[in-house]
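The values are calculated or read from the model by the stated rules, or taken from the named source; none is laboratory data. Quantities reported herein were computed from a predicted structural model and do not represent experimental measurements. Counting neighbours? That spans all protein chains shown, and the Cβs are built from the backbone with ideal geometry, glycine included.
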Amino acid sequence: MKWSAISKMALRSLMANKLRSSLAALGVLIGVGAVIAMLSLGAGAQKDIIGRVSSLGTNLLMVRPGLRRGPGGVNANSFRNLTLDDAEALVAGVEGLEAVSPVVSGRAQLKYFNKNTAIMVIGAAPTYFGIRNFEIERGRAFSDLDVSGVARVAVLGPATVEDLFGASDPLGEMIKLKGINFRVIGVLKAKGDQGWFNPDDMAIIPYSTAMNRVYGLDHLGEIDVQAMDDVDVTSVQFGITQVLRREHHIREGDDDDFTVRSQAEMLEMTSQITGTFTLLLGGIAAISLLVGGIGIMNIMYVTVTERTREIGIRKAIGAKRRDILGQFLFESVLLSGLGGLAGVLFGTGLAKLITALAGFTAVILTSDVVLALSVSAGIGVFFGYYPARRAAALHPIDALRYE
Amino acid sequence: MVKTYELGGSVIRALDGVDLDVAEGEMLAITGPSGSGKSTLMHMLGCLDRPDSGEYHLAGQEVAHLSDDELADIRNKRIGFVFQTFNLLARATALENVALPSVYGDAGESVERARSALETVGLADRMGHEPNQLSGGQRQRVAVARALVMDPAIVLADEPTGNLDSKTGTEILALFEQLHAAGRTLIIVTHDADVASYCSREVRMLDGKIVSERN
């Protein structure tokens with residue numbers, strides 16, 4: 001009962017000077033808002049990337065040339081040690097493989113009459129479509145015959161078709177890919193823009209054509225491998241590593257000159273990266289929260305000084321130290337708590353705005369909101385404690401004499 | 001009681017051996033020029049401070065060496081203050097001001113007691129007003145009601161009419177007489193001889209000592 005009266009008094013004190021209270025809470029509001037916005041953007045990025053990696057399928061293994069480096073990734077074309085022979089060796093020597101596809105990639109300008117577009121081009125085997133879950137909407141994928149014949153045929157993504165052909169049917173039409181004539185034989189089914197790249201905006205051509213006619217390459221950028229459904233992926237990974245070490249004549253004890261990554265590892269890696277990224281963003285935002293707390297402390301010191309007389313009166317009529325301490329702590333927690341609440345709304349709105357404007361997704365997690373609210377209450381307690389203690393320690397006689 | 005202060009290097013004996021007995025139901029005036037120690041004595045009597053040496057028995061309880069929390073409790077339940085500058089909370093109504101001591105007491109906020117205290121001082125019709133809506137005399141009445149709400153052993157008034165005009169001051173003193181007639185123990189600290197004349201007993205102080213008494 002006493003505390004409901006004290007809390008009423010605290011609320012009334014805050015309301016008495018709305019401008020000052022709002023300004024004090026503003027620091028916490030901005031801090032919490034920034035933290036919420038950053039954390040939700042981080043969570044959104046994580047969801048995006050994990051979704052993308054997950055959609056690759058659990059059986060996918062990617063072999064890349066070059067040493068296992070950090071999460072940064074490496075330009076595949078700068079390492080030349082992955083060859084078609086390697087791909088053939090895998091087909092022959094590794095157990096439990098469903099499909100294998102050599103992969104090269106590059107960018108190219110595609111032209112159709114007066115329309116052109118710059119896109120990514122993948123050179124691969126017919127197995128690539130199955131490995132990477134690409135479905136054909138119209139026409140057909142190319143065949144082994146097309147590969148052995150170095151055919152100039154292309155399967156286009158729906159966005160590329162849109163850009164070059166509009167609504168008309170592209171099948172059978174001739175386009176220029178890097179100046180070379182190609183016939184469109186198929187259109188991919190849409191996969192949906194995934195923010196970071198658009199899988200609907202590309203072309204897939206036979207790897208032989210890509211290597212010999214388009215890009216002049218003698219090495220591969222990647223070998224994609226699909227393991228059989230009921231096979232242990234790590235054993236397949238091991239098998240691949242063994243075969244390639246033999247092919248590349250790597251001595252016992254030396255490092256691999258290639259990397260084999262499973263989807264699980266990719267997930268782990270991207271989780272870690274985005275997790276760190278989120279923490280970093282959140283941490284920076286938290287600095288502003290600290291400043292908000294200092295603002296609260298500042299205002300509370302001023303308030304205590306201003307109300308010295310009032311504190312003296314209260315003590316004279318019987319308020320104990322803890323009554324005064326409690327009242328002022330209540331005020332500071334109320335300030336920071338309300339600031340935090342408003343900050344959650346502000347941060348949510350900010351995240352939604354950024355999503356609408358920049359295309360990043362934002363995922364607002366309940367756990368983040370709860371964290372932000374508890375932190376803002378904690379800030380009220382921590383930064384309000386010292387001013388409140390000073391108030392409680394005032395000597396009633398001195399306080400009553402204060403002008 | 002003895003109370004000394006240090007001020008700028010020199011030691012001041014604010015109370016230099018004061019012996020005082022106050023009977024229940026008395027109306028006592030403590031007078032003297034400034035610096036005589038009457039304010040210090042009031043602080044002691046009001047348990048706002050402790051003497052350096054000596055004893056203080058209030059309603060049969062020795063209170064001179066209690067802890068801060070215990071003193072706060074004594075102030076809450078056994079003592080009522082009336083100040084020269086009224087000392088009401090500006091953002092609370094008269095009723096809330098009068099009820100404030102009960103908020104800090106054990107029994108919790110008591111609006112009924114506050115109401116009856118306001119009736120005693122004749123301000124029942126102004127309960128919902130805030131201090132800035134009341135005249136000086138009315139504010140002091142509210143302060144008196146606040147001093148009475150916990151049914152204290154003594155009511156201590158420090159220059160209660162100092163900020164009031166003579167007519168209003170007289171009204172307040174008349175109120176005090178009323179309370180005295182009803183059995184309250186009142187102690188008024190003042191330098192004004194007219195105010196002191198309302199009291200049946202007067203104690204004069206000079207330089208920290210009681211120098212004379214009138215009955």
Matching option when the condition is surrounded by 23 or more Cβ atoms within 10 Å (Cβ to Cβ) and more than 13 Å from chain A (Cβ to nearest Cβ), among B:Thr161, B:Thr120, B:Thr168: B:Thr161
Restricting the first residue to region B:186-215 and requiring it to be among the polar types (S, T, N, Q), which pairs with a second residue that is in a strand (DSSP E or B) meet a Cβ separation below 7 Å and a spacing of at least six or different chains? B:Thr190/B:Ala29; B:Thr190/B:Thr31; B:Ser200/B:Met27; B:Ser212/B:Arg204; B:Asn215/B:Arg201
If you check B:Arg50, B:Arg91, B:Arg13, B:Arg78, which single one turns out to be among the charged types (D, E, K, R) and closer than 13 Å to A:Ile317 by Cα? B:Arg78
Count of residues meeting criterion [surrounded by fewer than 14 Cβ atoms within 10 Å (Cβ to Cβ) and part of a loop (DSSP other than H, G, I, E, B)] in region A:241-269: 6
State which residue pairs qualify: first residue without any contact (Cβ under 8 Å) to a residue 12 or more places away in the chain and inside region B:113-131, second residue part of a loop (DSSP other than H, G, I, E, B) and surrounded by 15 or more Cβ atoms within 10 Å (Cβ to Cβ) in any location, beta carbons under 9 Å apart, and separation of 6 or more residues or different chains. B:Ser116/B:Val149
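Inspect all residues belonging to region B:65-77 and state whether any of them is touching a residue at least 40 places away in the same chain (Cβ under 8 Å), within 10 Å of chain A (Cβ to nearest Cβ), of a type outside the set (S, T, N, Q) and not in a helix (DSSP H, G or I). Break it down stepwise before answering.
From region B:65-77, those touching a residue at least 40 places away in the same chain (Cβ under 8 Å) are B:76-77; that's our starting set.
Right, trim to within 10 Å of chain A (Cβ to nearest Cβ) and you get B:76-77.
With of a type outside the set (S, T, N, Q) added as a condition, the list becomes B:77.
After this cut, where a residue has to be not in a helix (DSSP H, G or I) as well, the list is none.
No: zero hits.
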Looking only at residues that are of a type in the set (Gly, Ala, Ser) and out of contact with any Asp or Glu (no Cβ under 6 Å at 6 or more places or on another chain) in region B:183-200, which one is farthest from B:Val22 (Cα to Cα)? B:Ala193
Residue identified as at pLDDT below 90, under 30 Å from B:Gly17 (Cα atoms) and aliphatic (A, V, I, L, M) among B:Val203, B:Val211: B:Val211
Filter region B:86-99 down to the residues that are closer than 17 Å to A:Thr308 by Cβ and touching a residue at least 40 places away in the same chain (Cβ under 8 Å), then identify the one that is surrounded by the fewest Cβ atoms within 10 Å (Cβ to Cβ). B:Ala90
Out of all the residues in region A:312-349, which are within 11 Å of chain B (Cβ to nearest Cβ) and either under 17 Å from B:Arg91 (Cβ atoms) or of a type in the set (A, V, I, L, M) (or both)? A:Gly312, A:Ile313, A:Arg314, A:Ala316, A:Ile317, A:Ala319, A:Ile324, A:Gln327
